[in-house]
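Contents: one structure, followed by commentary.
The values are calculated or read from the model by the stated rules, or taken from the named source; none is laboratory data. Computed from a predicted structure; not experimentally measured. Because the Cβ atoms are built from the backbone with ideal geometry, glycine has one as well, and the counts that use them run over all protein chains shown. Heavy atoms of the whole protein, side chains included, go into the accessibility calculation; ligands, DNA and RNA do not. Shrake-Rupley method; radii C 1.70, N 1.55, O 1.52, S 1.80 Å.
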Amino acid sequence: MTAQRAVGAPVARRDAFEKAVGAAKYASDLFLDDMLWVAVLRSKYPHARIRRIDTSKAESHPNVVAVFTHRDVPVNRYGLFKKDRPVLCDDKVRYIGDPIALVAAETREDALEALKLIEVDYEPLPPVTDPIEAMRPDAPKVHDDGNICREVHLRLGDVDGAFARADVIVENTYRTGAQIHAYLETEAGISYMEDGKIVVVAGGQSPYRDRAEIAHALNLPEEMIRVVTPYVGGAFGGKDDITVQIHLALVTWKTGRPARLVWSREESMMAGTKRHPAIIKIRTAATRDGTILANKIEIVLDKGAYTALGPAVLDVAVENCNGPYRVQASQIDAYLVYTNNMVASAFRGFGAPQVIFAIERQMDLLAKKLGMDPLELRLKNALRKGDRYVFGNVLEGSVGIAQCLEVARSHPLWRSRGRNSCEWPWLRRGVGVAAAMKGYTIGALPDKGVVALELLRDGRVLVKGSFTEIGQGVIQAVAQIAADLLGVSVDDVEVVFADTEVTPDTSVTSASRQLFLAGNAVREAVEALRERVAELEGRLSGRRPARVEFSGGWVFIDSERRYSLQELARLLESTGLGRQVLGVYEVPRVEPLPGTLEIPHLFYMFGVTLAEVLVNLLTGEVTVSKVVSIVDAGRVINPITFTGQVEGAVAQGIGFALMEDAKIRDGYLLTRDLSTYLIPSSKDVPEIEVIPVETEEAEGPFGAKGIGEIGIISVAPAILNAVADATGVEPNAIPLTHERLYWLLKEHGLVEQLRRAST
Amino acid sequence: MYGLKFPHSARTREIRFVLNGSETSVRVPPGYTLLETLRYVLRMTGTKEGCARGDCGECTVLVDGVPVHACLTLMSQVEGRSVLTVEGIDRQHRLIRAFVEEGAVQCGHCTPGIVVAAYHLLSQVPRPTEEQVREALRGNLCRCTGYVKIIRAVLKAGEA
Ligand code: FES
Ligand code: FES
């Protein structure tokens with residue numbers, strides 16, 4: 001048998017060195033001679049009709065080569081779920097980042113200068129910026145067909161009966177904010193013509209999908225467009241939708257010249273997508289002993305101006321809003337509502353961080369009402385493998401939530417809970433717990449990934465797939481998997497990624513699924529190679545072998561004969577069988593629940609977060625002093641990339657919980673840079689302990705699960721539960737900034753109490 | 001240089017400085033920043049741009065041994081001085097090795113700036129404490145790693 005060596009080993013990432021020495025090239029690092037600098041004119045208003053656009057002055061500005069408006073776009077609507085987003089606005093602008101015109105100039109300065117010369121005659125319209133208001137029939141309409149983009153109503157089990165039987169009922173409303181991705185590399189790309197094709201090299205997450213969007217907008221066949229995704233300086237879902245790609249392709253197509261477009265930080269903050277702000281109301285029925293009977297849940301997501309990936313985000317919110325618990329009945333009413341706020345779409349967790357924040361605060365409030373330990377309450381209701389979940393689906397994949405909770409229960413941090421006082425009277429310590437779940441791989445939608453595996457002439461192996469390296473380390477993981485399956489060293493596996501001209505379609509890099517898909521496709525490819533070797537042997541010896549094994553750089557045939565991979569490559573080539581095979585993996589599908597897109601999933605990830613905080617009662621300042629993240633990871637492919645993913649997710653969760661406050665007033669974003677929109681720095685992120693609970697996912701490559709998102713999902717509720725433990729106040733909205741907590745503490749008389757005590 | 005065109009109205013001036021040990025001369029508008037000059041004129045893209053306004057630390061370079069934001073440093077301020085960018089750090093430096101081995105690099109976009117900032121720290125404090133590392137890197141944002149492995153890497157390089 002093949003010895004498994006690379007999988008599970010803490011191998012250093014192959015891209016780390018070139019990135020650390022500054023040699024790695026990102027889209028924003030590419031410059032072409034004779035390229036045009038592109039700049040985008042964006043809307044001044046959150047909502048306005050466009051009466052007239054006059055570009056004549058801009059066109060005559062020195063060094064300006066062309067100015068583009070909607071009149072130049074063949075098919076002026078794009079979008080993954082609904083083609084409702086204008087490439088360049090025509091009738092209306094619907095949010096402040098909406099693009100109206102492009103300037104392509106010989107210099108950066110002249111492009112920016114010319115933007116100011118474009119005259120747009122607006123008729124401002126009343127904006128609607130509160131999703132609840134937007135749902136009223138008389139609200140200003142963002143789109144002609146009304147403000148409700150999508151709604152889901154589910155009645156699962158006997159909800160009324162459950163509430164009638166309940167000993168306790170808890171009801172609360174929770175709110176979460178518009179988190180901004182704030183990747184360090186903004187949206188960026190270049191474009192040029194090559195062999196009659198438009199080539200777009202840009203930061204993205206799915207080259208094939210981007211290509212389809214470009215082709216649609218320019219009304220060109222897909223074969224005329226090549227999309228390449230080099231290393232991406234962070235994405236987290238924010239580069240799932242189109243950003244610069246169509247604009248670049250348009251400029252190059254119309255001018256025939258290379259072009260460069262890189263968004264400024266301010267542009268990225270305004271025109272980039274956000275995490276959907278949410279308002280979630282939960283009414284829980286439970287028995288005295290802590291058995292949850294039912295949840296009535298209402299979810300409103302602020303979609304912002306365009307659909308983007310919103311419908312899928314809404315479904316994820318619906319699917320996970322009951323948390324990882326054996327809930328027998330649930331009534332769910334969920335709305336995705338257009339407003340004139342900035343567009344919301346995919347962001348790590350994809351709807352789950354919002355609803356898990358709500359249900360996990362609710363669990364603590366229920367525990368408080370019942371006088372139960374919050375961890376015991378969770379454990380009592382935790383899902384187990386084989387359980388029927390609230391949608392009637394039997395959980396056949398691995399379900400590690402109970403194990404995660406047990407690890408949390410015996411962790412010293414949890415055992416130290418209750419020690420609230422600190423050396424100073426105005427400081428209080430608290431410890432909180434929260435659980436998380438999320439379905440992964442795309443559930444009910446068809447989902448297929450293809451990779452190519454080529455045996456190189458020198459015996460090394462080349463894996464090609466359209467997965468994108470957005471920082472998560474997928475390339476390293478794919479190499480490790482291929483190395484083990486083929487019995488070669490990781491260094492003998494080369495990986496080529498994300499180029500529609502060279503790599504087959506491995507589907508999209510999102511939903512924590514890329515490794516799962518690509519890994520399984522590699523497994524299929526190795527099977528295909530085995531098959532090809534059998535065919536080869538059949539031709540050479542006239543007899544099909546029974547066994548073909550790869551090991552130590554050799555292929556063994558029926559333990560009678562062996563070839564080195566180099567010889568094998570030569571034989572495959574000389575016999576005309578070919579050195580390349582394809583591996584195709586199709587994710588097993590689940591029938592979607594009527595009225596939903598992809599509920600339920602076949603696989604779920606689980607996790608538990610413990611957080612320790614110190615709260616300054618005088619200022620409302622919360623310091624997170626320790627986080628423990630316990631993750632049901634399936635099998636860990638690479639411990640370094642695994643813990644790195646979780647640590648990064650925890651940091652984003654801390655930002656989501658406490659710091660990242662996108663101030664939006666009447667549709668205008670006030671926090672447009674990284675000094676007003678604060679993301680965690682090295683001073684804000686504490687020690688993070690990552691504990692993998694390795695439950696085997698039988699369907700995954702080597703038993704691995706998706707792990708990209710789970711780390712963030714329960715961070716915010718764990719922190720807020722810790723704040724509640726420290727202070728006794730129950731904050732139910734995030735971000736919980738100093739200021740907001742200060743007012744809450746004051747409302748509860750805590751500030752007064754302290755003052756009295758100190759005099 | 002590489003066909004970068006300056007705006008029609010721009011007056012350019014020759015500016016001489018030492019870049020990673022080599023005498024360098026560029027002709028740029030004097031209002032150009034060091035970051036614009038490095039990336040757009042010289043096409044040395046190891047130094048990254050994350051905000052162009054002093055908030056993220058991605059553009060950290062050393063001018064006469066002192067860390068500065070290249071995006072806020074004008075070329076006229078650099079004249080006659082010595083600039084060190086990530087490209088000027090020995091590729092075999094223990095800091096680079098520690099970043100690779102500890103897994104401190106994910107998307108890697110913040111890494112060059114952090115390497116330069118940490119390089120400076122180690123030149124001042126060869127064996128820093130965790131607190132000193134956190135303090136020295138407080139102006140260098142990273143959105144991917146949660147800093148855990150970055151801090152571990154710098155501490156490890158400090159032990160060597
Ligand atoms: S680019 Fe200079 S600090 Fe951000
Ligand atoms: S590694 Fe991506 S920002 Fe630091």
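State the three equivalent ellipsoid semi-axes of the range A:212-318, derived from the C-alpha gyration tensor as the square roots of 5 times its eigenvalues, in descending order and whole Å. Spell out each step's value before the answer.
Working: eigenvalues 356, 45, 30 Å².
Taking √(5λ) for each eigenvalue gives 42, 15, 12 Å, largest first.
Burial annotation for the range B:74-101: residues with an accessible-area loss of at least 50 Å² between the isolated chain and the complete set of protein chains, computed on heavy atoms with a 1.4 Å probe, are B:Arg91, B:Val100. One chain, two ends: A:Thr623 and A:Val496. Fully extended at 0.36 nm per residue, the span grows by 41.4 nm beyond their Cα-Cα distance. Measuring from a point 7 Å past the Cα of A:Leu456 along Cα-to-C-beta, which residues in the range A:535-561 have an amide N at less than 17 Å? Counting backbone N atoms under 17 Å from the label point, the list is A:553-554. A Förster radius of 51 Å combined with the Cβ-Cβ distance from A:Glu591 to A:Glu222 puts the calculated FRET efficiency at roughly 0.95. Listed by chain and number, the aspartates and glutamates placed with their C-alpha closer than 13 angstrom to that of A:Lys82 are A:Asp145, A:Glu213, A:Asp241; residues fewer than eight positions away on the same chain are left out.
From most to least packed by mean Cβ count within 10 Å, the peptides A:739-745, A:554-560 give A:739-745, A:554-560. In the range B:13-87, the inverse of the mean reciprocal separation of distinct Cα atoms equals 11.9 Å; this is its Kirkwood hydrodynamic radius.
Hey, what did chain A get for relative contact order, percent, Cα under 8 Å, at least 6 apart? Taking the mean separation of contacting Cα pairs over the length of chain A, I get 15 percent. When the listed pairs A:Lys25/A:Lys254; A:Lys141/A:Lys303; B:Lys5/B:Lys48 are checked against a 19 Å cut-off, the alpha-carbon distance exceeds it for A:Lys25/A:Lys254; B:Lys5/B:Lys48.
Would you mind giving the mean number of other chain beta-carbons within 10 Å of the Cβ of each residue in B:144-156, as a whole number? Each step should come with its number before you reach the end.
Values: counts 16, 7, 22, 11, 14, 5, 2, 3, 0, 1, 0, 0, 0.
Mean shielding count: 6.
Listed by chain and number, the aspartates and glutamates whose C-alpha is less than 13 Å from the C-alpha of A:Lys57, apart from same-chain residues fewer than 8 away, are A:Asp110, A:Glu113, A:Glu119.
Separation of the range A:334-384 and the range B:114-160, taken as the distance between their Cα centroids, equals 36 angstrom. Among the trypsin sites (Lys or Arg not before Pro) within the range A:1-66, those in coil by DSSP and having at most 15 neighbouring Cβ atoms inside 10 Å are A:Arg5, A:Lys25, A:Lys44. Only residues of the range A:113-149 count here: report those whose backbone N is under 18 Å from the spot 7 Å along Cα→Cβ of A:Asp54, or say none. Flagged as within label range: A:114-124.
Quick check: at a probe of 1.4 Å, how many percent of the accessible area of the range B:13-87 sits on carbon and sulfur atoms? Each step should come with its number before you reach the end.
Numbers: 1330 of 2730 Å².
Accessible surface attributable to carbon and sulfur in the range B:13-87 totals 49 percent.
Per residue, the convex hull spanned by the Cα atoms of the range A:168-244 measures out at 141 cubic angstrom. Neighbours of A:Arg209, meaning other residues whose beta-carbon lies under 10 angstrom from its beta-carbon, give a summed charge of -4 when Lys and Arg score +1 and Asp and Glu score -1. Note: relative contact order over the range A:48-163, using C-alpha pairs below 8 Å and six or more positions apart, is 31 percent. Taking only the C-alpha atoms of the range A:59-180, the Rg (one decimal) and the largest Cα-Cα distance, Dmax (whole number), read 22.9, 77 Å.
Cross-link partners for A:Lys368 among the aspartates and glutamates, with Cα-Cα distance under 16 Å and sequence neighbours closer than 8 places in the same chain left out: A:Asp167, A:Glu171, A:Asp289, A:Glu360, A:Glu376, A:Asp725, A:Glu730. The candidates A:Asp84, A:Asp121, arranged from most to least accessible area with a 1.4 Å probe in the full protein assembly, appear as A:Asp121, A:Asp84. Shielding value for B:111-121 is 2, the average number of Cβ atoms from other chains within 10 Å of each residue's Cβ.
Taking 7 Å steps out from each Cα toward its Cβ at A:Val75 and A:Ala757 produces label points 6.6 nm apart.
Summed for both chains, how many Å² of accessible area, to the nearest 100, are buried between A and B with a 1.4 Å probe? Mind dumping the intermediate values first?
On the way: alone 27390 and 8740 Å², together 31440 Å².
It comes to approximately 4700 Å² buried between A and B.
Using the Cβ-Cβ distance between B:Arg13 and B:Arg127 with R0 set to 45 Å, the FRET efficiency works out to roughly 0.55.
The three principal axes of the Cα atoms in the protein assembly as shown give end-to-end lengths of 77, 75, 63 Å, sorted in falling order.
Counting only other chain Cβ atoms within 10 Å of each residue's Cβ, the peptide A:257-264 averages 1.
I'd like the carbon and sulfur percentage of the solvent accessible area for the range A:202-339, probe radius 1.4 Å, heavy atoms only, ligands and nucleic acids excluded. Don't skip to the end; give the middle numbers.
On the way: 1320 of 2740 Å².
It is 48 percent, rounded to a whole number.
Please state the relative contact order of the range B:89-159 as a whole percent: Cα pairs under 8 Å, 6+ residues apart? Kindly include the intermediate steps, with their values, before the conclusion.
On the way: 66 pairs, mean separation 34.7, N = 71.
Result for the range B:89-159 is 49 percent.
Can you give the Rg to Rh ratio for chain B, taking only C-alpha atoms and Rh from Kirkwood? Rg divided by Rh gives 1.00. Here the simple spin-label model places points 7 Å from the Cα toward Cβ, and for B:Ser76 and A:Glu151 these points are separated by 6.3 nm.
In the context of the full set of protein chains, chain A has a per residue accessible area of 33 Å² (1.4 Å probe).
Along the axis of the charge dipole computed for chain B (Cβ charges of +1 for Lys and Arg, -1 for Asp and Glu, origin at the Cα centre), the listed residues B:Thr12, B:Leu35, B:Leu155 are led at the positive end by B:Thr12. Each of A:Arg635, A:Arg165 has its accessible area taken with a 1.4 Å probe; listed largest first, they run A:Arg165, A:Arg635.
Say R0 is 45 Å: what FRET efficiency, to the nearest 0.05, do A:Ile132 and A:Lys385 get from their beta-carbon distance? Once the sixth-power term is evaluated, E becomes 0.70.
Quick check on chain A: of the DSSP beta bridges with both residues there, what percent are antiparallel, nearest 5%? Before the final figure, lay out each step's value.
Numbers: 106 of 137 bridges.
Looking only at bridges with both residues in chain A, the antiparallel portion is about 75 percent.
Can you compute the equivalent ellipsoid semi-axes for the range B:89-159, i.e. the square root of 5 times each eigenvalue of the Cα gyration tensor, sorted largest first and rounded to whole Å?
Working: eigenvalues 50, 38, 24 Å².
For the range B:89-159, the semi-axes come out at 16, 14, 11 Å.
If the segment from A:Leu582 to A:Leu32 were pulled out straight at 0.36 nm per residue, it would be longer than the present Cα-Cα gap by 194.6 nm.
The range A:412-436 and the range A:222-299 have their alpha-carbon centroids 36 Å apart. For the peptides A:139-150, A:277-288, residues were scored by their other Cβ atoms within 10 Å and the scores averaged per peptide; the highest-first order is A:277-288, A:139-150.
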